[in-house]
Each structure stands twice: as structure tokens, then as C-alpha cells.
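The next block holds one structure in the form of C-alpha cells; read it before the comments.
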Amino acid sequence: MRIVVLLGAPGAGKGTQAHVLARHLALPRIATGDLFRTAVREGTALGAEARTYMYRGELVPDGITVRMLLERLAAPDAARGAILDGFPRTRSQAEALDAALDERSVRVEAALLIDVPVVDLFSRLSGRWLCAAAGHPYHETADPPRVAGVCDVDGSPLVQRDDDRPDVVRARLDGQLGALGEVVDHYRAAGLLWTVDGRLSIAGVSAALLDAIEPAPWWRRTS
Ligand code: AP5
Ligand code: MG
């Protein structure tokens, strides 16, 4: 079972790169933010509870989040592993994941931090568009779709997220970066942390991440 964790601030590019890694490694992408947004759309009790935190830019409490993630990780399509996008987000979530994997004699293979200066995150989030069907991400200038307003992959319409409003973005950045630092420390102490420069192009970040988990043999390296 291969569990790869993608870490980064809001807007750092976790979702963008999780789609690439999931395709490359033939593993499902499990994104807690997407699971919460689906629950909100479907009007479930979980969605009703999560939305009050999400639209204030706060983290959803650990108990709810860990239960939801572990249930999803137990699904048959994740039997070979998963790319975790947006989880863990607190030290306690990281410890709960370690404990759950330990029961299966598995550990996190790598924690990949996409490092982007806070000053760049605003423009990334305000220019972001996502496809309504599967959440494929685009950016107005950095990564526009071939046809405006339409997903290249599945043709569905592009929409903006409710929590990408400037006031909620500010709350997400102000409120969540401290916890990210603790998760980074957790994986650094375990010797599992890889840091990649998230200011590179999207393709450049993908190459650096893939190199961290599946280094190309020296005869195939270009630099
Ligand atoms: P979540 O959905 O996880 O949001 P987030 O962490 O705030 O991160 P984003 O999805 O906004 O950014 P991203 O890093 O995926 O960037 P993207 O690839 O889209 O969580 C939402 C909410 O749910 C949280 O606030 C919280 O309330 C709750 N939640 C979720 N998980 C939780 C947990 N574990 N515990 C508690 N609560 C939880 O890229 C952003 C933009 O930049 C795009 O437009 C993209 O095209 C562009 N871009 C990407 N890479 C590049 C590049 N290299 N160069 C230029 N542009 C780029
Ligand atoms: Mg995302």
C-alpha cells in the first residue's frame, strides 16, 4: 500500500499536482476538501457541520475529518494506496493517520511539501477555476483551459469556489499556516519530508515531485 501525502498552504497547488501524481501512480486522489464540498452539495449532516467552518476559512474539527478520511481510505479502490491531498492538516490528524496505517503495518511513504510564498497565494486563489464534474483545476493566466469556461478533460463547466472570496482567503491563510508548520515538523522528524519549490511552472513542480518519489535513473536524467 502506497500512501503519499501532499502538503502545502491554501492555493499552493496540491490539487493540481495530486491529479498528476494520481494518474502517474495509478492511485486514487483523496482530497478531504472535495469530500467536504460533496457532503455540502448533497446536504448531508456532515456537510452541514463542515460548511460552517469551511466558509469561515477555519479547519473542520479533527474528529469529524479523521473519521471521514479513514472511511474513504478503507474503500476498495484505495487498497493499493492513495495520494492524500489536504490531509493531514494538523499534528493530531497526522498522528491518527500514522496509527491507522500502523494497524495495517504500513507507513506514509513520503510527505511532499509544495512550498509557495504567501504573497503568491492570493493571485492563485482569486484566479482559480475548477471543473464542476471532477474538480480539475485551472488558472485564468497560469493555466487557462483551451476553451474559456470549459474543462479540457471532461467538457464540464468551470466554476469558482465559495471560499475563494478575498475575505475567506485571508482567513484561510491567517488561520491555517500555523497548523501546516506543525504537520511539516511531524514529517521532517520522521525523515519523510521532501520540499519542492512551488514557484516553478506546473510541469516543473510535477517533475520535481515525481523525482522525489520515483527518482529517474541517472541515464534518463536531463539535468
Ligand atoms: P481544500 O479544498 O483542501 O483547500 P486548501 O487547502 O485551502 O487548498 P486549495 O484547494 O485552495 O489549494 P490547492 O493547494 O489545492 O491549489 P490548486 O492546485 O487548486 O480545503 C478547503 C477547506 O476544507 C479548508 O479550508 C477546511 O475548512 C476544510 N478542510 C479540508 N481538509 C481538511 C482537513 N484535513 N482538516 C480540516 N479541515 C479541512 O491551485 C491553486 C491555483 O493555482 C489554481 O488556479 C492552479 O491552476 C494554480 N497553480 C497551481 N500550480 C501552479 C504553479 N506551479 N504555477 C502557477 N499557478 C499554479
Ligand atoms: Mg485543492
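The values are calculated or read from the model by the stated rules, or taken from the named source; none is laboratory data. As the structure is a computational prediction, the values presented were derived from the model and not from experiment. Because the Cβ atoms are built from the backbone with ideal geometry, glycine has one as well, and the counts that use them run over all protein chains shown.
Descriptive notes on the structure:
- Against the list (1) more than 14 Å from the chain's Cα centre (by Cα); (2) more than 21 Å from Arg67 (Cα to Cα); (3) surrounded by 20 or more Cβ atoms within 10 Å (Cβ to Cβ), the condition Gly13 fails is (1).
- Residue check for Arg199: away from ligand 1 (no atom under 15 Å from the Cβ) and either part of a helix (DSSP H, G or I) or of a type in the set (D, E, K, R) (or both): no
- Within region 21-49, the only residue that satisfies the criterion of being buried (at least 20 other Cβ atoms within 10 Å of the Cβ), assigned to a helix (DSSP H, G or I) and more than 10 Å from ligand 1 (Cβ to nearest atom) is Leu21.
- For beta carbons closer than 8 Å, sequence separation of 6+ or different chains, a first residue in region 90-109 that is closer than 15 Å to Val183 by Cβ and a second that is among the hydrophobic types (A, V, I, L, M, F, W, C) and assigned to a loop (DSSP other than H, G, I, E, B), the qualifying pairs are Thr90/Leu59; Gln93/Phe87; Leu97/Phe87; Leu97/Val108; Asp98/Val108; Val108/Ala190; Val108/Leu192.
- Selection from region 50-65 of residues that are more than 20 Å from Ala94 (Cβ to Cβ), surrounded by 16 or more Cβ atoms within 10 Å (Cβ to Cβ) and either of a type in the set (Asp, Glu) or more than 8 Å from ligand 1 (Cβ to nearest atom) (or both): Arg51
- Residue in region 128-144 that is surrounded by 14 or more Cβ atoms within 10 Å (Cβ to Cβ), of a type outside the set (D, E, K, R) and on the phi > 0 side of the Ramachandran plot present: yes
- The condition (being closer than 23 Å to Gly198 by Cβ and among the basic types (Lys, Arg)) is satisfied by just one residue among Arg41, Arg80, Arg23, Arg104: Arg23.
- Given (1) assigned to a helix (DSSP H, G or I); (2) at pLDDT 95 or above, index of the condition Trp194 fails: (1)
- Matching residues, region 1-11, being part of a loop (DSSP other than H, G, I, E, B) and either touching a Lys or Arg at 6+ places or on another chain (Cβ under 8 Å) or among the hydroxyl-bearing types (Ser, Thr, Tyr) (or both): Met1, Gly8, Pro10, Gly11
- Residue that is nearest to Asp185 (Cα to Cα) [pool: residues in region 103-137 that are assigned to a loop (DSSP other than H, G, I, E, B) and within 16 Å of ligand 2 (Cβ to nearest atom)]: Val116
- Restricting Arg128, Arg199, Arg124, Arg172 to residues that are farther than 22 Å from Phe36 by Cβ and not aromatic (Phe, Trp, Tyr) narrows the list to Arg199.
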